[in-house]
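Sharing a structure below in structure tokens format, with a few things to ask.
FYI, it's all coordinate maths here, none of it is from the lab. Quick caveat: nothing in here was measured; it's all calculated off a predicted structure. Backbone-built Cβ (ideal geometry, glycine too); neighbour counts: all protein chains shown.
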Amino acid sequence: MEEVKSFKDLSLEVVEAGICGKCGGCVSFCSAGELNALRMGKNELPQYISEENCLKCGICYLICPQTHTLDGELQEKFSWKLPVGSYQKVISAQTTNEKIRKICTDGGVVTSLLMYLLERNLINGAIVSKKIGPFARKATIAKTHEELLEAAGSAFSGSLHLEELGGKYTTYTPILSTVKSLEGKYLQDIAVVGTPCQINAIRKMQCMGIIPAHLVKYTIGLFCTENFSFDDVARERLEKKLDINLSDIVKLNIKDDFMITLTKDVTIHIPLAEIDEVARPACSACQDFSNEYADISVGGLGSPDGYTTTLIRTESGSSIFDGALRKGYIRERTFESAEVSKLEKTKMMAKIVSHSRRKKMRAKKRLSKLTRGGALSGKT
Ligand SMILES: Cc1cc2nc3c(=O)[nH]c(=O)nc-3n(C[C@H](O)[C@H](O)[C@H](O)COP(=O)(O)OP(=O)(O)OC[C@H]3O[C@@H](n4cnc5c(N)ncnc54)[C@H](O)[C@@H]3O)c2cc1C
Ligand code: SF4
Ligand code: SF4
Ligand code: SF4
């Protein structure tokens, strides 16, 4: 019988290898939670509090987005195929709600779908990432319109000062402890908006029947090239290199490149390679750009400003998109003819495929370095 891999293996293969995404999934869902086996320790990395209390159940290892034991099972369940997973169709769409349109990141499809689900009582709440400042968000369970609006978009109010963040800047929000907190909240049907690593962990939990992941009825997955985390030293370097003051940023977005909108209402485009130094090390080992196991995947890539590129993958995804469309929460981008529509959709898919391939190649390179150099102990 194959030996069960425990946190000891996870620590060696992921944490010490420098590819831990600091999602907190292993700690939040540890079977020995009450025995205090694990904690998020130094640098927000998971560690044993007491190895003796570890039940060696293997759950932490299996659900970690950086391990691949359950890949086969997931692929079968979601009829996964290269190069971007299974999908029914690709659409460029936008919100019909003026309030959402003014604050959303791209076309406001995410917030509109969640509004539709909430208003039709198809969900009791949605796990979203509320803005608490530039480079700082917090996962929360939104149960009202207002709470959904607080999470929409990637624009910041100018009144918040970066100094309040204590030298820690990040675009990443851990959401898995919020998923765990659904236990005992008497909520039933939940939607989750997350990055590919987050949706991947939730899908693995669902595969294994881990409670309360079964409460997640709808997953809206964001496209994701990478996330950024940095400190004051890196901030200073970055400001010098880009010749901007980060406190002047009013909006961040990624499509083909990283887009920074400044208070002067100027948007600068930065090739992703130029800000590699502040990307999270875990992201370079991540293989999923288009959120391959979500019900619906969304991004700005391939759509004009004001629209969200939407990949409908599962039956659940299709039913909520069609419902929201029928009820007038969102509208599709229109084209002058069927041929133009077909051509634009082909171009949109080509971009998604190209970004997905690039990301898989990057991960392959990074992971091969880890194994070749015996670099499971290699630092990033
Ligand atoms: C870190 C990150 C990286 C991305 N990278 C790409 C990319 O490389 N290419 C691309 O085309 N698109 C990328 N996207 C997706 C894109 O920025 C938009 O989020 C997407 O197009 C949806 O736009 P919208 O207007 O429909 O969403 P909105 O209606 O504005 O809603 C945005 C939703 O995103 C959630 N959210 C915001 N930040 C986070 C976060 N850090 N973690 C989890 N959820 C969050 C909010 O809770 C909200 O529900 C990325 C998004 C994020 C958050
Ligand atoms: S008890 Fe299970 S989930 Fe917790 S650390 Fe040990 S192996 Fe991981
Ligand atoms: S990526 Fe998440 S689940 Fe994996 S070791 Fe890091 S914190 Fe734990
Ligand atoms: S690239 Fe995105 S999905 Fe992958 S680990 Fe980083 S944040 Fe998660």
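Calculate the spin-label point distance for Asp305 paired with His68, positioning each point 7 Å from the Cα along the beta-carbon direction, and give it in nanometres.
The modelled label-to-label distance comes out at 4.0 nm.
Of all DSSP beta bridges located in region 75-369, what percent are antiparallel, nearest 5?
DSSP beta bridges in region 75-369 are roughly 75 percent antiparallel.
Still on this structure, I have one more. Going by how many other Cβ atoms sit within 10 Å of their own, how do Val340, Val250 line up, fewest first?
Val340, Val250
Taking the Cα centroid of region 31-65 and of region 179-224, what is the distance between the two, rounded to the nearest whole Å?
Region 31-65 and region 179-224 have Cα centres separated by 20 Å.
With a sphere of radius 13 Å drawn around the Cβ of Arg137, what net charge do the other residues whose Cβ falls strictly inside it have (Lys, Arg +1; Asp, Glu -1)?
Counting the neighbours of Arg137, the net charge comes to +3.
Against the globular-protein guess of 2.2 N^0.38 Å, express the Cα radius of gyration of region 7-69 as a ratio, rounded to two decimals.
0.97
A further question follows. What full-extension length gain, to one decimal in nm, is calculated for Asp232 and Glu51 as 0.36 nm per residue of separation minus the Cα-Cα distance?
Gain on stretching Asp232 to Glu51: 61.7 nm.
For the pair Ser181 and Asn121, what calculated FRET efficiency results from E = 1/(1 + (r/R0)^6), where r is the Cβ-Cβ distance and R0 = 25 Å, to the nearest 0.05?
0.70
On the principal axes of its Cα set, how long, how wide and how thick is region 279-369? Give whole Å, largest value first.
49, 28, 21
Kindly put Glu239, Glu292 in sequence by how many other C-beta atoms sit within 10 Å of each C-beta, fewest to most.
Fewest-to-most ranking of Glu239, Glu292: Glu239, Glu292.
By how many nm would the segment from Ala273 to Leu35 grow when fully extended, if each residue of separation counts as 0.36 nm and the alpha-carbon distance is taken off?
Once the chain is fully extended between Ala273 and Leu35, it gains 81.3 nm.
What's the whole-number percent of alpha carbon pairs in the chain lying beyond 25 angstrom?
In whole percent, the long-distance tail amounts to 55.
Lys and Arg at +1, Asp and Glu at -1: add these up for the other residues within a Cβ distance under 12 Å of Gly221 and post the number.
-1
Taking 7 Å along the Cα-to-C-beta vector as the label spot, tell me the Lys89-Leu262 distance in nanometres, rounded to one decimal.
The two pseudo-label positions are separated by 4.3 nm.
Arranged by the count of other C-beta atoms within 10 angstrom, fewest first, what order do Met361, Met205, Met349 take?
Fewest-to-most ranking of Met361, Met205, Met349: Met361, Met349, Met205.
Give me the tail of P(r) for region 1-144 as a percent: Cα-Cα pairs with distance above 28 Å.
More than 28 Å apart: 43 percent of the Cα pairs in region 1-144.
Can I ask one more? Under a straight-distance cross-link criterion of Cα-Cα below 19 Å, which lysines are reachable from Lys180, leaving out those fewer than 8 residues away in the same chain?
Lys22, Lys130, Lys138, Lys143, Lys204, Lys217
Could you please state, rounded to a whole Å, how far the C-alpha centre of region 233-272 is from the C-alpha centre of region 85-127?
Going from one Cα centre to the other spans 27 Å.
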